[in-house]
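Chemist: This is the structure I have questions about; it appears just below.
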Amino acid sequence: MENNDILNKTSLYDVIKESTPELLIPDTDQDFIDHRDIIMSKEEYYVIEKFNKEHKPCRILPDGRHRFGAIGGGFEKRAYLKPDGSFKFICRCAGCNEILDVDEALKNTEIGEIPEDYKYYNTFGNFDIVEWTRFKKFCEDHTGHNISVGFMGTGLGFIIVVKDEDNGEYADITNSECW
């Protein structure tokens, strides 16, 4: 069996969609209400934005075109689920492969004073009810494993990929029906 056949479990979760409401977690479920948005602090956002800006040249070709295509890309953000339900944030520049561990950066870097009027978006990413149900099912199928979820913005919405970091299995849980 091909390695990609083993790793990509996307089709297992594709049956969960708006047209199969019997499979969905109710959108009134408190767990969904409390966790549909993955929230960052202002300091976490500041460190990620600074890293992204510093690595922008890595994503540009010598002729000025974007190295990773028209929609952007080249900057990967992943949130790693902690046992307490919170997330640890890791970013990677695909241009040079440098990795930013946000927790470590906050410990080892003097951020300085962040201006009060600093505009930041506290949401690392968010799920709709279909994506949340797919995410919960993936976590259930991989109980006891280290799980991460990545969000890549596009002009239409987020592409969301959840991954079992222990065995490499992953699934694209994006609800593209709403695009």
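Computed from the coordinates by the stated procedures, all read-outs in this text should not be read as laboratory data. This is a predicted model, so every value here is computed, not measured. Here Cβ is always computed from backbone atoms with ideal geometry, including for glycine, and neighbour counts include all displayed protein chains.
Chemist: Go through segment 129-179 and give me each residue that's surrounded by 15 or more Cβ atoms within 10 Å (Cβ to Cβ), more than 17 Å from F32 (Cα to Cα) and among the β-branched types (V, I, T).
Modeler: I147, I159, V161
Chemist: With the requirement that a residue be within 20 Å of D37 (Cβ to Cβ) and either assigned to a loop (DSSP other than H, G, I, E, B) or in contact with a Pro (Cβ under 8 Å, 6 or more places away or on another chain) (or both), what does segment 107-128 give you? Outline the logic, then answer.
Modeler: Within segment 107-128, the subset within 20 Å of D37 (Cβ to Cβ) is 118-128.
Y118, K119, Y120, Y121, N122, F127, D128, listed by residue number.
Chemist: Still on this structure: Need the failing condition index for I114 against (1) touching an Asp or Glu at 6+ places or on another chain (Cβ under 9 Å); (2) buried (at least 16 other Cβ atoms within 10 Å of the Cβ); (3) farther than 30 Å from Y13 by Cβ, just the number.
Modeler: Among (1) touching an Asp or Glu at 6+ places or on another chain (Cβ under 9 Å); (2) buried (at least 16 other Cβ atoms within 10 Å of the Cβ); (3) farther than 30 Å from Y13 by Cβ, I114 violates only (2).
Chemist: Report, ordered by the first and then the second residue, all pairs with beta carbons closer than 8 Å, sequence separation of six or more or different chains, a first member in segment 157-179 that is farther than 17 Å from I147 by Cβ, and a second member that is of a type in the set (K, R) and surrounded by 20 or more Cβ atoms within 10 Å (Cβ to Cβ).
Modeler: N175/R134
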